[in-house]
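The values are calculated or read from the model by the stated rules, or taken from the named source; none is laboratory data. Since the structure is predicted, the reported quantities are computational estimates derived from the model, not experimental observations. Cβ placement follows ideal geometry from the backbone for every residue including glycine, while neighbour counts extend to all protein chains displayed. We work out accessible area using only protein heavy atoms, side chains counted, and drop any ligands, DNA or RNA first. Shrake-Rupley method; radii C 1.70, N 1.55, O 1.52, S 1.80 Å.
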Amino acid sequence: MSKPTTSLKSILAEFLNLNRTLVSDDMNKTLSIIGSYLPDSADYTVENFAPLTDAWTWKIPERYEVHEAYLETEDGQRIVDFRDSPLHIISYSLPVDCLLTWDELAPHLRFSEKRPAAIPWEFKYYERDWGFCLTKNTFDSLLPRDKKYHAVIRSSFITDPARGLRVGVGVIHPEGGANPEAGEIIVQAHTCHPAQANDDGSGVVSAIDLARRLAENPLPAGSMSVRFWFGPETIGMVAYLSRHEDWIPCLRGGIFLDSTGNQNSLALQRTRQDTHLLDRVARSVMKKRFGEFREGEFAQVAPNDERIINGPGVNVPAISITRFPYPEYHTSDDNLDVVHDDLMVEAAEVAEEIILIYASNYLPKRTFRGPLFLSGHGLWVDWRENWALNRAIEKIMMRLEGEHSVFDIAEQVGLDYWVTREYLGKLQAKGFVRVLPFPSETSAD
Ligand SMILES: [Zn+2]
């Protein structure tokens, strides 16, 4: 049984401070915490990808373990200790145990000029090195610089195939179960930022909230299924897609959620296609809810995993919903004070509204010839009851050639999407309209 509803912030707190770097034991823990809050119907599973195996042009990294790490002066005065924060070492630092002069040590120290009291989050996953991260204030206090320093990082890189990179996946189906013809939309949030609340914990809990909403209030029968995906940024999605190439043609769109909790307006980052149906649906939802809203081109607001889904050789349209930028980004100041429950919930609500329309939309194709005998089939709408629909019926009938989606028709005739869909549902029930699904979106060439 999935755990009962609780505040999104308290779910985030459960995994926030874990050292959930790319491939790690704490990543496993994070993925299992996420699974415990997803609805049971999502049938959440965690998949393993063996270290050092190929994933398209990438290689899956080893599992990273840190047993102990600290920096101290030669006389034993501790400067930083990994036990206090996983941010104190550069993620994927090589093991080291040596005595260094200041000049030897300095190139291995990282701090934030902009936020002198914060520890920056740094990583070096592939071109490996080692290093410590500390506050600028601590760095400045290391005077005089004529001492020797003892740098200790006891880390190991595990290549056991069974202890590889993990991603967690759950799928929420529409009313009545999956409709393979309609395909799927994917909702993604990455999980690999240790001790970072807004980037990336907030996106994770907004996605959990969204999954719970879609389980409680399922999409109409025949809609797309919604796949929820959690794992490390970039390499996680590259690994997943490279091992599930057969599934890619099922994918009709993507929504990436990240930095949904900070005090900033919600922004829409458009797809690489830029004017795709998904962009138009998302813009209409944002406009209806906020009036004026922030938006930007593909990968220009906050580049994330949509670069994989919507990238070369996949190219499935993917948008992002985010409140990025914010000043605490990638530092120890990105903590629970930065994120707000109502804002993380609002992002989930916006994503839900976009999915409700995009995943239930279809291409209606007429089966009748000549003007439809409306009153003879109980399809006439009394103008006294619904003036706008009565006026629009003639225009709707001229758009049932299988080229215009329900969403397009609603926009063109000036009706609400759900009013239009409901009316077309009546035509469908009488056998006057067939449902054409959207073709596959991917382009592998
Ligand atoms: Zn980030």
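Determine, for each peptide in 104-116, 375-387, the mean count of other beta carbons within 10 angstrom over its residues, then list the peptides with the highest first. Please report the intermediate quantities before stating the final value.
Working: 104-116: 15.7, 375-387: 11.2.
Packing proxy ranking, top to bottom: 104-116, 375-387.
Heavy-atom accessible area per residue, the chain, 1.4 Å probe: how many Å²? Walk me through the intermediate numbers first.
Values: 18810 Å² over 445 residues.
About 42 Å² of surface per residue is accessible.
Please find, in a Gaussian network model of the chain (springs between Cα atoms separated by less than 10 Å), the residue of Asp209, Asp342, Asp146 whose mean-square fluctuation is greatest.
In this elastic network of the chain, the residue with the biggest mean-square fluctuation among Asp209, Asp342, Asp146 is Asp146.
Going from the alpha-carbon gyration tensor of the range 41-148, what semi-axes, largest first and in whole Å, does one get by taking the root of 5 times each eigenvalue? Walk me through the intermediate numbers first.
Details: eigenvalues 212, 53, 35 Å².
Largest first, the range 41-148 gives 33, 16, 13 Å.
Return the Cα extents of the range 363-436 along principal axes one, two and three, sorted largest first, each rounded to a whole Å.
Principal axes ranked by extent give 32, 27, 19 Å for the Cα atoms.
Round to the nearest 0.05 the FRET efficiency obtained for Lys148 and Ala50 when R0 = 51 Å and r is the Cβ-Cβ distance. Write out the running numbers ahead of the final one.
On the way: r = 41 Å, r/R0 = 0.81.
The computed FRET efficiency comes out at 0.80.
May I have the extent of the alpha carbons of the range 395-438 along their three principal axes, as whole Å values ordered from largest to smallest?
25, 19, 18
Let me understand the range 1-68 better: what is its radius of gyration from the alpha carbons, and its Dmax, in angstrom?
Taking only Cα atoms of the range 1-68, I get Rg and Dmax of 14.5, 41 Å.
Give me the Kirkwood hydrodynamic radius of the range 201-356 in Å, from all C-alpha pairs, to one decimal place? Don't skip to the answer; put the middle values down first.
Values: mean 1/r = 0.0625 Å⁻¹.
Result for the range 201-356 stands at 16.0 Å.
Could you sort the peptides 124-131, 391-398 by per-residue average Cβ neighbour count (10 Å cutoff), highest mean leading?
Numbers: 124-131: 13.6, 391-398: 15.6.
Top to bottom by mean Cβ count within 10 Å: 391-398, 124-131.
Tilt of helix 25-37 relative to the longest C-alpha principal axis of the chain, in degrees (0 to 90, nearest 10)?
Result, in degrees: 30.
Ignoring ligands, DNA and RNA, what percent of the accessible area of the range 363-436 is carbon or sulfur (1.4 Å)? Walk me through the intermediate numbers first.
Numbers: 2190 of 4340 Å².
That share works out to 51 percent.
Run the simple label-point estimate for Glu403 and Asp140 please: 7 Å along Cα→C-beta, distance reported in nm.
6.7
Return the inverse of the average 1/r over all pairs of distinct C-alpha atoms in the chain, which is the Kirkwood hydrodynamic radius, in Å to one decimal. Intermediate results must be reported in sequence, preceding the final value.
Details: mean 1/r = 0.0420 Å⁻¹.
One over the average 1/r among Cα pairs gives 23.8 Å for the chain.
If R₀ is 41 angstrom, what is the calculated FRET efficiency for the pair Arg391 and Glu175, using the beta carbon separation as r and rounding to 0.05?
Working: r = 31 Å, r/R0 = 0.75.
With R0 = 41 Å, the Cβ-Cβ based efficiency is 0.85.
Could you tell me what percent of the accessible area of the range 64-158 is made up of carbon and sulfur, with a 1.4 Å probe and every protein chain present? Before the final figure, lay out each step's value.
Working: 2240 of 4700 Å².
Reported share for carbon and sulfur atoms: 48 percent.
What FRET efficiency, computed as 1/(1 + (r/R0)^6) with R0 = 35 Å and r the Cβ-Cβ distance, is obtained for Ala13 and Ser41, rounded to the nearest 0.05? Can you show the working numbers first?
Numbers: r = 26 Å, r/R0 = 0.73.
Using R0 = 35 Å, I get an efficiency of 0.85.
Ranked highest first by the average count of other Cβ atoms within 10 Å around their residues, in what order do 411-421, 11-21 fall? Could the numbers behind the result be given before it?
Working: 411-421: 16.9, 11-21: 20.8.
Order by mean packing, descending: 11-21, 411-421.
Relative contact order for the chain: what percent, with Cα pairs under 8 Å and sequence separation of 6 or more?
Details: 964 pairs, mean separation 73.0, N = 445.
Across the chain, relative contact order equals 16 percent.
Take Lys287, project a point 7 Å from its Cα along the Cβ direction, then tell me which residues of the range 362-387 have their backbone nitrogen under 19 Å from it.
What the label zone holds, given the 19 Å backbone N cut-off, is no residue at all.
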